[in-house]
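Every read-out reported here was derived from the displayed coordinates using simple, explicitly stated rules and does not represent laboratory data. Quick caveat, the model's predicted, so the values are computed rather than measured. Note that we place each Cβ from the backbone using ideal geometry, even for glycine, and neighbour counts take in every protein chain shown.
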Amino acid sequence: MVEWKIEEIDELIQRMRQLAEELKGKAGEIQAVERNLDRILANIKMLELNISDVKELV
Amino acid sequence: MLEYQSIYWNPILETLSQEKLRALQVKKFRRIVAWAYNNSPFYRRLYQEAGLEPGDIKGLEDIRKVPKTEKGMMREVQQDEPFPYGDMLAVPLDQVTAFRQTSGTTGTPVYQADTWQDWEWWSECWCYILYAQGYRDTDRVFIPFGYNIFVAFWAGHYAAEKLGCEVVPGGVLDTQARILKMQELRCTAFMATPTYVLGMADAARNKLGIDPAKDLAIQRITCAGEPGASIPTTKRRMEEAWGAKVYDHIGATEIGAWSYECTEQPGGLHVNEAFFLVEIEGLETGESITEPGKEGKMVITALDRIAKPCIRFDSKDVIRWADHPCDCGRTFRVIDGGVVGRADDITKVKGVLLAPTAIEEVARSISGLGDEYEVIVSKKGDIDDILLKVEILPGQEGEQESILFRLKDQLRVKTNLGYRIEAHPYGSLPRYEVKAKRFKDLRKKGG
């Protein structure tokens with residue numbers, strides 16, 4: 001049986017989210033930063049759907 | 001570890017116990033209902049009228065308290081602001097990044113809004129599909145699709161890229177050019193409706209002198225848009241024509257990519273139960289059906305779609321749970337035989353319930369018949385009449401009488417109905433590139 005390090009993975013995902021949101025807050029009017037972060041945040045959400053949502057069930 | 005990596009896109013979710021999947025679904029269901037209630041005026045109104053607040057949903061047993069939605073509601077609200085979606089929209093309009101619409105085969109098209117996150121979600125759902133069907137980064141995937149307002153294979157394209165496949169968009173090319181390009185590039189996989197899979201094979205053989213099974217390198221084909229890949233006789237025709245494995249996928253613009261066949265081909269499709277909640281309700285009674293083998297109407301929730309939430313959507317698809325787990329090891333339940341009909345397609349003819357898929361199953365099982373057929377139901381005086389038009393394959397004309405006899409006989413056995421059958425010259429019935437419309441009920445207005 002494979003043991004998945006879900007807690008650790010989730011922690012890193014949450015750090016990524018925090019970092020991306022922090023960066024978005026500092027983007028000001030720089031569209032090139034803001035819009036790319038929107039895409040990064042959408043990808044982070046996919047990591048959450050795949051890992052974070054299920055962490056307390058594994 | 002390697003074994004898991006080689007089979008599953010997400011081994012955690014795809015092998016979660018049924019009990020834990022239910023817990024995950026309840027958690028996500030509560031979240032999407034709260035999201036819709038707080039952000040979509042339509043949903044807030046719907047739930048308030050039913051006296052429901054998101055906090056009322058505590059467990060699985062409370063889900064049926066939530067009012068259902070249906071296509072008609074979506075059509076109705078899209079007349080209102082914000083244009084063109086109406087107040088079912090749950091995000092500010094400036095966050096919408098993609099427009100799609102339904103094909104309109106059952107009425108006015110429904111407009112669908114997606115944010116970038118929703119679009120990532122679409123392709124994520126498709127990653128589950130393609131990975132389960134054996135797509136890997138070594139595949140060169142051809143997509144013979146018009147890349148237009150219909151969602152069709154758009155998300156398949158993005159998912160294949162995400163998997164690391166090399167994607168060849170076959171957008172504006174005509175059928176023959178597409179076949180030649182697939183041959184030239186030695187493509188290993190493609191995606192199309194069953195009608196077009198058969199139509200391409202026909203064009204390859206009869207217009208280009210190419211045998212797709214021998215002269216092309218296709219190993220796997222993903223079908224969507226029509227039920228053909230779950231109809232054994234149609235699947236067999238496609239697999240023989242291409243010398244490839246054919247896998248089914250069912251999704252919908254207003255729902256998402258909710259089910260897929262895996263490489264085990266278990267005679268049905270897995271429901272992606274980590275991303276969707278599927279309920280089955282009795283066709284007549286509306287009672288909840290959880291036991292295998294019993295047909296009912298699907299009510300489905302997309303658990304993570306935010307721009308235009310899809311919550312307890314009455315899809316009209318008729319499905320039934322399979323009674324055995326799949327050998328692939330996925331714990332996602334299987335719907336036996338895919339979508340076996342549509343509640344609004346199953347019609348009474350001469351007092352007998354008839355599903356168009358049953359006719360296809362028979363027509364595609366008779367050797368000597370072409371792939372195309374057409375069914376026209378009408379009234380002759382007070383009596384229902386079913387006319388079935390078929391094509392006899394070139395070189396089989398001498399066998400016409402025996403072919404039609406077998407067809408008529410099998411139709412009576414399988415559907416309990418008698419048919420008038422017309423044999424038409426090969427190539428004379430309409431050909432379709434996307435969704436075929438082979439069943440016409442002239443007794444219905446606009447049928």
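Using the Karplus relation 6.51 cos²θ - 1.76 cosθ + 1.60 with θ = phi - 60°, the per-residue 3J(HN,Hα) values for region B:66-83 come to 7, x, 7, 10, 8, 4, x, 5, 5, 4, 5, 6, 6, 6, 9, 6, x, 5 Hz, with x marking Gly and Pro. Listed by Cβ neighbour count within 10 Å, with the fewest neighbours leading, B:TYR419, B:TYR247, B:TYR47 appear as B:TYR419, B:TYR47, B:TYR247. Here B:LYS207 is the anchor, and the lysines within straight C-alpha reach of less than 18 Å, apart from those fewer than 8 places off in the same chain, are B:LYS181.
In order along region B:139-144, the Karplus-derived 3J(HN,Hα) couplings, from 6.51 cos²θ - 1.76 cosθ + 1.60 at θ = phi - 60°, round to 7, 10, 9, 9, 10, x Hz, and Gly and Pro are given as x.
Distant-in-sequence amide contacts of B:PHE276, defined by a placed amide H-H separation under 5 Å and a gap of 5 or more residues or a different chain, comprise B:LEU303. Spacing of the modelled spin labels on B:GLU397 and B:ARG22, each 7 Å from Cα toward Cβ, amounts to 6.3 nm. Among beta bridges identified by DSSP and lying wholly in region B:1-340, the antiparallel ones come to about 65 percent. Once C-alpha pairs closer than 8 Å and six or more residues apart are averaged by separation and normalised to the residue number of chain B, the relative contact order reads 13 percent. When the Gaussian network model of chain B links Cα atoms closer than 10 Å, the mean-square fluctuations of B:ARG45, B:ARG237, B:ARG30 top out at B:ARG45.
Around the amide H of B:GLY170, modelled in the peptide plane, lie the amide H atoms of B:ILE143, B:PHE145, all under 5 Å away and 5 or more residues distant in sequence or on another chain. Shape call for the protein assembly as shown from the C-alpha gyration tensor, a ≥ b ≥ c root eigenvalues: rounded (a/c under 1.5), prolate (a/b greater than b/c) or oblate? It comes out prolate by the Cα gyration axes.
Where both residues lie in the protein assembly as shown, what percent of DSSP beta bridges are antiparallel, nearest 5? Of those bridges, close to 65 percent are antiparallel. Backbone phi angles across region B:222-233, fed through the Karplus curve with coefficients 6.51, -1.76 and 1.60 (θ = phi - 60°), yield HN-Hα couplings of 9, 9, 7, x, 8, x, x, 6, 9, 9, x, 6 Hz in residue order; Gly and Pro are listed as x.
Between the amide H of B:ALA98 and those of B:ASP114, distances stay under 5 Å, these residues lying 5 or more places away or on another chain, with hydrogens modeled in the peptide plane.
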